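The values are calculated or read from the model by the stated rules, or taken from the named source; none is laboratory data. Source: prediction; values computed, not measured. All Cβ positions, even for glycine, are placed from backbone atoms using ideal geometry, and neighbour counts span all protein chains on display.
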Amino acid sequence: MSIEAIHLISIAGHLGNPYIGVYCVASNKHAFVPRDIEDSLFEAIEESLEVKALKFSVSSATIIGALTAMNSNGVVLSNFASDDEIDLVPKGLEVARMQEKFNAAGNNILVTDKAALVNPGVLGETLKTLRDVFDVEVARGTIAGVATVGSVALATGKGIICHPRATEDNIAKLKDLFKVPVTLATLNYGTPWLGACAIANDKGAVVGEKTTPIEMGKLEDGLHLY
């Protein structure tokens, strides 16, 4: 399995940082990427993840990964998303806006085709919406004391890599909820914000270029990308 290392400056222009998970989001079927992405990187993401990529925005912003959570069943966007943007979501996917103060969906939700973990402050009404859209079990929780669980972990149907200070209780809950192994890791040369550093699905991953060979190996092992 090939894991592509991509520096985000090529995707986000003047932003010039390797936090691809802030700007892109992926599932086993789709990837949403910034509208100004270079063609070569657009194609690399499609090839690495074996998905159809869509040039997208949320409230005209490029930080799609921070504002969007997605699995194969549906998409949840920040409530800032416009009707025109929602109309671009591929047919067959359920879609909803996150209508509350924790509206940065990508930061506050860790989701796969098996389950979802969300910021413990999320409202009960929102939990119901998430269950309906993602069609999976949804639970509240933190990782390493961080409520923005989508920013500190990277989860697929094969495995989870998460913040190196995740507790034994955190790990046990993740294993029980997602039914996959959990590995402590960092990306981008020691960064614990794994969800911000990469995008991944069951078939591949795309990471920031600061990620070291050792970190790449940990990601490959933790997500079972062989």
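Overview of values
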| quantity | calculated |
| --- | --- |
| Some residue of the range 171-180 being assigned to a loop (DSSP other than H, G, I, E, B) and modelled with pLDDT under 95 | no |
| Matching entry among Val122, Val152 (being closer than 17 Å to Gly222 by Cβ, touching a residue at least 12 places away in the same chain (Cβ under 8 Å) and among the β-branched types (Val, Ile, Thr)) | Val152 |
| Test: residue in the range 126-140 that is touching a helix residue (DSSP H, G or I) at 6+ places or on another chain (Cβ under 7 Å), over 19 Å from Val76 (Cβ atoms), touching a residue at least 24 places away in the same chain (Cβ under 8 Å) and surrounded by fewer than 23 Cβ atoms within 10 Å (Cβ to Cβ) | no |
| Helices (runs of 4 or more DSSP H) lying entirely in the range 1-51 (those with 2 or more residues that are surrounded by fewer than 24 Cβ atoms within 10 Å (Cβ to Cβ), touching a strand residue (DSSP E or B) at 6+ places or on another chain (Cβ under 7 Å) and modelled with pLDDT of 80 or more) | 39-49 |
| Residue among Thr211, Thr148, Thr112 that is under 26 Å from Ala53 (Cα atoms) and touching a Pro at 6+ places or on another chain (Cβ under 8 Å) | Thr211 |
| Enumeration of residues in the range 64-103 that are farther than 19 Å from Leu123 by Cα and of a type in the set (Lys, Arg) | Lys91 |
| Matching residues in the range 88-124 - criterion: being acidic (Asp, Glu) and at pLDDT below 95 | Glu100 |
| The lone exception for Ala69 - which of (1) exposed (fewer than 14 other Cβ atoms within 10 Å of the Cβ); (2) of a type in the set (Gly, Ala, Ser); (3) at pLDDT 95 or above it fails | (1) |
| Residue match in the range 105-118 (condition: surrounded by 15 or more Cβ atoms within 10 Å (Cβ to Cβ), farther than 23 Å from His30 by Cβ, among the charged types (D, E, K, R) and out of contact with any Cys (no Cβ under 6 Å at 6 or more places or on another chain)) | no |
| Condition check for Lys55: assigned to a loop (DSSP other than H, G, I, E, B) and of a type in the set (Lys, Arg) | no |
| Test: residue in the range 169-183 that is surrounded by 24 or more Cβ atoms within 10 Å (Cβ to Cβ) and either in contact with a Gly (Cβ under 6 Å, 6 or more places away or on another chain) or among the basic types (Lys, Arg) (or both) | no |
| Members of the range 44-97 that are among the aliphatic types (A, V, I, L, M), more than 16 Å from the chain's Cα centre (by Cα) and under 18 Å from Val22 (Cα atoms) | Ala44, Ala61, Ala81 |
| Given (1) of a type in the set (D, E, K, R); (2) within 21 Å of Val149 (Cβ to Cβ); (3) in a loop (DSSP other than H, G, I, E, B), number of the condition Glu215 does not satisfy | (3) |
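For (1) surrounded by 20 or more Cβ atoms within 10 Å (Cβ to Cβ); (2) out of contact with any helix residue (DSSP H, G or I) (no Cβ under 7 Å at 6 or more places or on another chain); (3) of a type in the set (Lys, Arg); (4) under 24 Å from Glu47 (Cα atoms), each residue gets a yes or a no:
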{"position": "Gly145", "(1), (2), (3), (4)": "no, yes, no, no"}
{"position": "Thr148", "(1), (2), (3), (4)": "yes, no, no, no"}
{"position": "Ala153", "(1), (2), (3), (4)": "yes, no, no, yes"}
{"position": "Lys158", "(1), (2), (3), (4)": "no, yes, yes, yes"}
{"position": "Leu187", "(1), (2), (3), (4)": "yes, no, no, yes"}
{"position": "Ala196", "(1), (2), (3), (4)": "yes, no, no, yes"}
{"position": "Asp202", "(1), (2), (3), (4)": "no, yes, no, yes"}
{"position": "Gly208", "(1), (2), (3), (4)": "yes, no, no, yes"}
